[in-house]
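To start, the structure itself, in structure tokens.
The values are calculated or read from the model by the stated rules, or taken from the named source; none is laboratory data. Since this is a predicted model, take the numbers as computed values, not measurements. Cβ atoms come from the backbone with ideal geometry, glycine included; neighbour counts cover every protein chain shown.
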Amino acid sequence: MRKLLYPFLSLIMVLGLVLPMAMPVAASGPVTKNYGNVSLSGGSQSGNFPGMWDLTKGDLTISFTYDANGLVDDSGAHAWAEMGTRQVGYGNFNPTWMTGGAGVWLATDYDWAANTFDPDPLGSPTLDMDDKLILQRGGGMGEGYYDLPSTPPNPGNNHRVWWDRDGVDPWQNPATANTGGIYPIIITLQATSATSGTAYMKIRGLDQGFETNGDWSTIELTPAGMTFTGDMTQMQVFYGLYGYGATHSVSFQNITVTGWFTAIMEEFSVDYAKLDFKKKADDDKVRVEGTLRLDLVNGNGADILEPVTVTVGPLSETITMKGKKNLKWEYKRPKGGTGDIHHMTIDWKNGKFDIHWDKADLSGATNPVTISIQIGNDFGTETILMNVTKHNDWDYRAPKAPKP
């Protein structure tokens, strides 16, 4: 019997660790999703758009217009808003706090002085920095965490971080004034590895930057951006608002996202699974039965020509099935074929799937086991805790739903 890994489950429960999903395979090309407008008010309100984006296949661009005119600047009231990407499984406001690891996003703030948004006196424009817009890779992390093209020696000497909603005084850069609280924004993300990337943000068509030589007519560190970390194959676009002391509101308008998209299946559940460990190498067997249903709103449906990728723990194989649309698909390993999957069916009438896997090597298996199926750009996954039988095989049967 080969040695298998069985993680200390009580540690997972105590620490609340998020179990990683199987890595999805990106769709055949980049797509553009137009999400329209999102208005938030509160208090607290947040959400995310369905599906995932894979930065390892190409850049991700998020463009929108941020309208901050519903924020309240009374004494004792304040609010923050966010829009960006975070790894699947994290929350929709400050996905992490004072640490990275889950993505990167626009974080907004404004001057703490009461009535900062009030108009300048007529005929006497003043230098009042109203709105603050920065990139953030962890809640509570300010502009000092920008590190591209290098870390700024004095983060407080920045360009295009603070913005004035109204008039321009003689000492002020007019490019960052008279905004009216309206900010067209483009965030561009690029993966540098499967777990790291870079982020840059244009605001009102301008790159951000930092001053290093004291000449404020030039910008030395520009365009300024930051590195960030997370699973680059599993990023979701999210938005949020948090405030207190009043009812605040913001809106993100004309939201457009371009990149490599993967739709999450509307339903994916494992009903039965068995991992049969054999003594002979590459002779292990796997059986998985379950139910899937595609997200026909955010996905593009299933096409028999699309590749089907099946993952069970350390095993992963891509096959091409045969059949008729909306009926039954089937795969049989060709005679002399070298693949590990022996037979697979999907019955589209009820969504039932059945997978038989032999010639497998389960020596790297760990329990819990993550099982996933991807059809084109539709992805479903579930992580299950399996029972170890007296024969040292692993077995799982989904709990029966309680009777009404």
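Structure values in brief
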| read-out | value |
| --- | --- |
| For Tyr272: the one exception among (1) under 30 Å from Tyr66 (Cα atoms); (2) assigned to a strand (DSSP E or B) | (1) |
| The lone exception for Phe261 - which of (1) surrounded by fewer than 21 Cβ atoms within 10 Å (Cβ to Cβ); (2) aromatic (Phe, Trp, Tyr); (3) more than 27 Å from Gly140 (Cβ to Cβ) it fails | (1) |
| Candidate set from the stretch 315-328 (those that are surrounded by 15 or more Cβ atoms within 10 Å (Cβ to Cβ) and touching an Asp or Glu at 6+ places or on another chain (Cβ under 8 Å)); member that is modelled with the lowest pLDDT | Gly323 |
| Test for Leu221: is it closer than 30 Å to Ser39 by Cα, out of contact with any helix residue (DSSP H, G or I) (no Cβ under 9 Å at 6 or more places or on another chain) and aliphatic (A, V, I, L, M) | no |
| Qualifying residue in the stretch 82-90 (condition: at pLDDT 95 or above, farther than 21 Å from Thr179 by Cα and not hydroxyl-bearing (Ser, Thr, Tyr)) | yes |
| Residues satisfying the stated conditions in the stretch 157-204, i.e. at negative phi, basic (Lys, Arg) and surrounded by 17 or more Cβ atoms within 10 Å (Cβ to Cβ) | Arg165 |
| Search result, residues across the stretch 179-192 that are free of Cβ contacts under 8 Å to residues at least 60 places away in the same chain and in contact with a Ser or Thr (Cβ under 9 Å, 6 or more places away or on another chain) | Thr192 |
| Long-range neighbours under 8 Å by Cβ, at least six apart or interchain, first residue among the hydrophobic types (A, V, I, L, M, F, W, C) within the stretch 84-95, second at pLDDT below 95 and outside any loop (DSSP other than H, G, I, E, B) | Val88/Met52 |
| Every residue from the stretch 329-353 that is crowded, with 16+ Cβ neighbours inside 10 Å and within 13 Å of Val308 (Cα to Cα) | Trp329, Tyr331, Ile341, Met344, Thr345, Ile346, Phe353 |
| Verdict on Gly156 being assigned by TED's automatic domain parsing to the domain that holds Asp111, modelled with pLDDT of 95 or more and outside any loop (DSSP other than H, G, I, E, B) | no |
| Qualifying residues in the stretch 373-397 (those that are assigned to a loop (DSSP other than H, G, I, E, B) and at pLDDT below 95) - the one surrounded by the fewest Cβ atoms within 10 Å (Cβ to Cβ) | Lys390 |
| From Thr222, Thr233, Thr262, Thr176, residue being among the β-branched types (Val, Ile, Thr) and modelled with pLDDT of 95 or more | Thr222 |
| Output for the stretch 240-263, where each listed residue is among the aliphatic types (A, V, I, L, M) and over 15 Å from Ser41 (Cβ atoms) | Ile255, Val257, Ala263 |
| Those residues of the stretch 209-235 which are surrounded by fewer than 21 Cβ atoms within 10 Å (Cβ to Cβ) and within 15 Å of the chain's Cα centre (by Cα), in sequence order | Thr229 |
| Hits in the stretch 102-144 (condition: on the phi > 0 side of the Ramachandran plot and at pLDDT below 95) | Asn115, Gly123 |
| Residue check for Asp67: over 13 Å from the mean Cα position of the chain (by Cα) and either buried (at least 22 other Cβ atoms within 10 Å of the Cβ) or modelled with pLDDT of 95 or more (or both) | yes |
| Residue check, Ile384 within 29 Å of Gly29 (Cα to Cα) and touching a residue at least 24 places away in the same chain (Cβ under 8 Å) | no |
| Any hit, the stretch 42-57, residues being of a type in the set (Gly, Ala, Ser), crowded, with 19+ Cβ neighbours inside 10 Å and at pLDDT 50 or above | yes |
| Those residues of the stretch 277-307 which are under 17 Å from Gly339 (Cα atoms) and under 23 Å from the mean Cα position of the chain (by Cα), in sequence order | none |
| For Val250: the one exception among (1) assigned by TED's automatic domain parsing to the domain that holds Thr389; (2) crowded, with 22+ Cβ neighbours inside 10 Å | (1) |
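Matching residues to (1) closer than 24 Å to Asp54 by Cβ; (2) touching a residue at least 40 places away in the same chain (Cβ under 8 Å):
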residue: Gly323; (1), (2): no, no
residue: Leu327; (1), (2): no, no
residue: His343; (1), (2): no, no
residue: Lys349; (1), (2): no, no
residue: Asp354; (1), (2): no, yes
residue: Lys359; (1), (2): no, yes
residue: Ala365; (1), (2): no, yes
residue: Ile371; (1), (2): yes, yes
residue: Asn377; (1), (2): yes, yes
